[in-house]
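As structure tokens, the structure follows; a few thoughts come after it.
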Amino acid sequence: KLDLQGGVRYSAIRQDATINDDDGILSDGTQARIKDHFNVPTFLVTPSYHITNDLMAYARVASGYRSGGPNIGVSQGATTFAPDKTLDYEIGAKGNFDHRRGTFDVSLYWTDWRHIQLVGLNSESEGITVNGGHAVSNGLEGSGSYRILPGLVIAGYFNYTNAHLTSAFNTGTVYGQRGNLRPST
């Protein structure tokens, strides 16, 4: 009745970029070399318990990241940006009913997000990726389906997300205050 899933992953990211200023006859041919390397360990632990053959409850703790890298093709501002990292918590239940004609899945989640990656404009109006402060995203998700007839299924999905900044930051190109909604949410 009890299952346990777990794992660890170690990512080593190495990036090397050479930028040539070759914008025509007036160019000075300047080259810039940007080297980056990031080492990011992540993990996952998911215990689940089968209450009945048709009902399972679970919990999950996992970490994640989005790779950093160079800002290629920009004339001003940060030449690189670091990975942003998450620590995710989730509890939920999954099951079926009416002789497996109906299914449901409901979960509550909380994500702690560090060094969020944001896109802004530098002084030359060029898009540039920078690291901002910290954020939190929490909410509720639910889905269900019911097979009315063979080949006819009604399904629905619900999601509520509350994502906001938990620290103020000003990168020179992007800024935010504690409590602001997380950009792109």
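Miscellaneous remarks
- Length gained when the stretch ASN138-ASP98 is fully extended (0.36 nm per residue, less Cα-Cα span): 11.2 nm
- Assigned charges on the beta-carbon of Lys, Arg, Asp, Glu; segment 78-185 dipole about Cα centre (debye): 340
- Peptide ranges 65-73, 128-136, 177-185 listed from the most packed, as the mean C-beta count within 10 angstrom indicates: 128-136, 65-73, 177-185
- Most mobile listed residue (ALA93, ALA155, ALA62) in the chain, GNM with C-alpha springs under 10 Å: ALA155
- Gain in span if fully extended, GLN177 to ILE148, counting 0.36 nm per residue against the direct Cα distance: 5.5 nm
- Close amide H pairs (under 5 Å, H built 1.01 Å from N) link ALA168 with ARG178, residues at least 5 positions away or on another chain.
- Sorted on the mean count of surrounding Cβ atoms within 10 Å across their residues, most packed first, peptides 142-150, 99-107 read 99-107, 142-150.
- Phi-based couplings in Hz for segment 36-46 (Karplus 6.51, -1.76, 1.60; Gly and Pro marked x): 9, 8, 9, 10, 10, x, 9, 8, 8, 9, 9
- Among [x] 1.42; [y] 1.48; [z] 0.98, the entry derived from the coordinates for Cα Rg over 2.2 N^0.38 Å: [x]
- Gap separating the Cα centres of segment 110-124 and segment 150-178, nearest whole Å: 14
- For segment 170-185, the Karplus equation 6.51 cos²θ - 1.76 cosθ + 1.60, evaluated at θ = phi - 60°, returns couplings of 8, 8, x, 10, 9, 9, x, 10, 3, x, 4, 4, 5, x, 6, 9 Hz by residue, with Gly and Pro reported as x.
- Karplus 3J(HN,Hα) series, Hz, for segment 76-87 with 6.51 cos²θ - 1.76 cosθ + 1.60 (x for Gly, Pro): 9, x, 5, 7, 9, 9, 8, x, 9, 10, 10, 10
Quick note: the coordinates plus some simple rules give every number you see, no bench work behind them. Worth saying up front: this structure is predicted, and the values here are computed from it rather than measured. Virtual Cβ from ideal backbone geometry, glycine too; neighbours counted across all protein chains shown.
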